[in-house]
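The values are calculated or read from the model by the stated rules, or taken from the named source; none is laboratory data. This one's a predicted model, so the numbers in the text were calculated from it and none came from an experiment. We place every Cβ from the backbone using ideal geometry, glycine too, and count neighbours over all the protein chains shown.
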């Protein structure tokens with residue numbers, strides 16, 4: 001295999017991994033503060049992408065024509081709207097079920113996901129069709145042999161990395177981050193230390209869901225197409241990535257995301273004329289990793305023991 | 001207790017008899033069915049077919065000469081074989097439903113043929129193109145008004161060879177539908193012997209990311225990428241080809257003949273090839289009539305590529321019931337003997353497998369955001385050129 005081709009695979013894998021990682025981080029955040037699995041996460045991503053698309057259509061109708069401004073407004077609207085949606089879900093669906101078995105939360109969010117997905121399909125105009133997503137980043141590309149290096153991909157990777165670094169900073173260097181970590185480690189103690197538990201949970205859901213919206217917009221910009229089903233698949237993979245990384249660990253989620261993308265790419269390359277089996281291959285490896293390290297590659301720093 | 005319920009039953013029966021006698025001059029109600037994908041990625045095609053079948057029923061009910069009043073029962077197969085078997089069983093088990101126009105997706109149509117056979121439930125397929133649906137078994141219950149994918153792939157391979165292309169990469173979805181396309185296209189291309197397949201890639205029907213497959217294809221550098229699958233992933237593959245700078249011709253099948261394909265791609269749809277059995281709707285014998293009536297109903301969605309076939313299938317069911325009465329066995333017997341019967345899609349003749357012979361294949365190329373017949377296009381006249389066209 002020549003170098004250009006190899007570089008192209010790496011680039012594809014990195015883009016895919018970045019999206020998986022952003023979704024996985026959400027799963028891990030929610031699990032961290034509340035010890036719950038929120039299965040509607042992928043569909044929040046879908047709704048975020050569609051909100052961005054609707055915003056774009058609105059801006060376009062209003063006569064806006066600056067690509068950069070369009071993009072900034074779209075991102076802001078989608079992220080804020082999904083942050084609000086995340087808080088609503090946390091406040092009215094997840095928190096009331098705190099004393100119920102964890103399975104109930106899982107089930108209720110799973111159903112919410114279906115509701116969100118079908119709502120997009122039914123209420124977005126012609127929502128069942130694949131929708132073109134505007135290319136708002138510079139489309140320049142350099143052809144280096146078999147490698148087609150695109151500026152928009154590079155920008156998206158940089159933006160994704162910046163978001164993850166920003167999140168790290170928020171969690172480890174700010175008072176809010178300290179409170180989130182305190183709640184994640186021990187809810188009771190955090191409460192007695194004066195941490196407003198409800199507020200912290202809501203903020204965490206807002207951050208996670210905002211990240212999903214960001215990933216949704218990125219997905220749209222990368223493929224220039226969105227459809228009501230994107231979140232379902234990304235949700236399953238993001239969840240698996242969070243699990244292999246070790247639920248509750250941010251680094252684990254990122255590692256898991258890139259690992260999964262790597263596995264899918266390797267699967268396609270190694271099984272060149274049986275590419276249909278790449279998901280079988282990737283998930284089989286995930287199962288093997290789970291058997292080897294049941295708590296994930298990077299464990300929570302303080303695991304809960306009874 | 002038992003005596004009371006017996007008495008009630010007798011009373012009820014009597015009441016029903018009186019009621020039936022009283023309404024004898026009103027038309028008897030007869031139920032007919034429709035199954036197609038109403039949700040999910042290809043739902044536009046399913047809804048177009050549903051509307052078309054609904055139109056046939058509405059027009060018949062408006063006809064004073066009709067002997068029965070028809071009620072259309074619609075079920076959703078979601079284009080998923082497991083769901084299809086459930087809804088097919090539900091419909092076939094309901095003895096009030098006499099016959100049905102069923103399935104757009106080949107994967108669902110092939111999954112349900114045994115169910116219909118088991119229940120002795122006559123169906124006419126309105127959109128699925130896999131040959132096995134009619135030809136794998138010889139079931140008297142199964143008929144099909146649209147053609148099979150064999151003919152369209154012959155036409156496809158012929159055009160690709162004629163245009164002088166030498167190398168083709170194949171991407172197909174791994175359902176029975178996509179695998180069938182791969183099989184018949186590969187056979188047809190090998191038979192002509194001018195072009196060679198440099199790689200075949202199976203992909204799942206829900207896949208989002210094709211960059212890994214397309215990067216491999218890029219290294220193989222084919223002139224044409226043949227795609228055997230449906231619109232949603234067709235749109236994704238075409239877009240991602242562009243992202244990776246692949247300049248090959250995108251050669252699709254009847255699965256992408258849908259307005260959603262063009263809407264999803266915008267200008268990138270230009271120059272995509274597609275093939276479908278039968279003439280385009282507006283050129284069908286009853287095409288003008290059909291479109292007028294369809295538009296008059298103000299449905300939300302267009303009829304899409306197979307709407308006219310769904311109409312023809314439903315209309316044939318209604319004609320048959322009018323002729324032999326609402327009885328499944330008699331309907332099957334009558335459908336076993338269809339020769340040169342007029343319909344909006346032209347004369348329909350079922351062979352001994354219940355397959356209509358549709359000789360005409362329409363070759364399409366997308367030009368300025370529309371499916372244009374190849375022979376009328378500027379690509380055929382040489383005014384525009386596909387990538388690598390000689």
Filtered residues of region B:212-259 (kept if closer than 17 Å to residue B:181 by Cβ and out of contact with any strand residue (DSSP E or B) (no Cβ under 8 Å at 6 or more places or on another chain)): B:231, B:232, B:258
Test: residue B:299 is in contact (Cβ under 8 Å) with a residue 60 or more places away in the chain and in a loop (DSSP other than H, G, I, E, B): yes
Meets criteria (surrounded by fewer than 23 Cβ atoms within 10 Å (Cβ to Cβ), more than 14 Å from chain B (Cβ to nearest Cβ) and in contact (Cβ under 8 Å) with a residue 60 or more places away in the chain) for residue A:241: no
Residue in region B:290-306 that is buried (at least 24 other Cβ atoms within 10 Å of the Cβ) and under 26 Å from residue B:119 (Cβ atoms) present: yes
Enumeration of residues in region B:346-383 that are in a loop (DSSP other than H, G, I, E, B), touching a helix residue (DSSP H, G or I) at 6+ places or on another chain (Cβ under 8 Å) and modelled with pLDDT under 90: B:358, B:359
Looking only at region B:211-245, and only at residues there that are more than 9 Å from every other protein chain (Cβ to nearest Cβ), free of Cβ contacts under 8 Å to residues at least 60 places away in the same chain and not in a helix (DSSP H, G or I), the one that is farthest from residue B:45 (Cα to Cα): B:221
Selection status of residue A:53, part of a helix (DSSP H, G or I), closer than 30 Å to residue B:301 by Cα and touching a strand residue (DSSP E or B) at 6+ places or on another chain (Cβ under 8 Å): yes
Qualifying positions in region A:136-177 - assigned to a loop (DSSP other than H, G, I, E, B), in contact (Cβ under 8 Å) with a residue 40 or more places away in the chain and surrounded by fewer than 16 Cβ atoms within 10 Å (Cβ to Cβ): A:145
Scope region A:273-295; condition under 11 Å from residue A:240 (Cβ atoms) and modelled with pLDDT under 85; matching residues: A:279
Members of region A:47-72 found to be more than 28 Å from residue A:208 (Cβ to Cβ) and touching a residue at least 12 places away in the same chain (Cβ under 8 Å), listed by number: A:67
Tally, over region A:95-124, of residues that are part of a helix (DSSP H, G or I) and either closer than 24 Å to residue A:50 by Cα or touching a helix residue (DSSP H, G or I) at 6+ places or on another chain (Cβ under 6 Å) (or both): 19
Positions within region A:182-197 being touching a residue at least 24 places away in the same chain (Cβ under 8 Å) and touching a helix residue (DSSP H, G or I) at 6+ places or on another chain (Cβ under 7 Å), in sequence order: A:183, A:184
Members of region A:125-135 found to be part of a loop (DSSP other than H, G, I, E, B) and at the interface with another protein chain (Cβ under 9 Å from one of its Cβ atoms), listed by number: A:126, A:128, A:129, A:130
Total residues in region A:219-238, condition over 23 Å from residue A:71 (Cα atoms) and more than 10 Å from chain B (Cβ to nearest Cβ): 3
Conditions (1) within 14 Å of chain A (Cβ to nearest Cβ); (2) touching a strand residue (DSSP E or B) at 6+ places or on another chain (Cβ under 6 Å): number failed by residue B:165: (1)
Residue that is surrounded by the fewest Cβ atoms within 10 Å (Cβ to Cβ), among those in region B:37-72 that are more than 24 Å from residue B:206 (Cα to Cα) and either under 15 Å from the mean Cα position of the chain (by Cα) or within 14 Å of another protein chain (Cβ to nearest Cβ) (or both): B:51
Which numbered condition residue B:274 fails, given (1) in a helix (DSSP H, G or I); (2) surrounded by 24 or more Cβ atoms within 10 Å (Cβ to Cβ); (3) away from chain A (no Cβ under 14 Å): (1)
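If I go through region B:24-36 residue by residue, how many of them are more than 14 Å from every other protein chain (Cβ to nearest Cβ) and in a strand (DSSP E or B)?
Total meeting the criteria: 8.
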Which numbered condition residue B:187 misses (of (1) surrounded by fewer than 21 Cβ atoms within 10 Å (Cβ to Cβ); (2) touching a strand residue (DSSP E or B) at 6+ places or on another chain (Cβ under 7 Å); (3) under 30 Å from residue A:279 (Cα atoms)): (2)
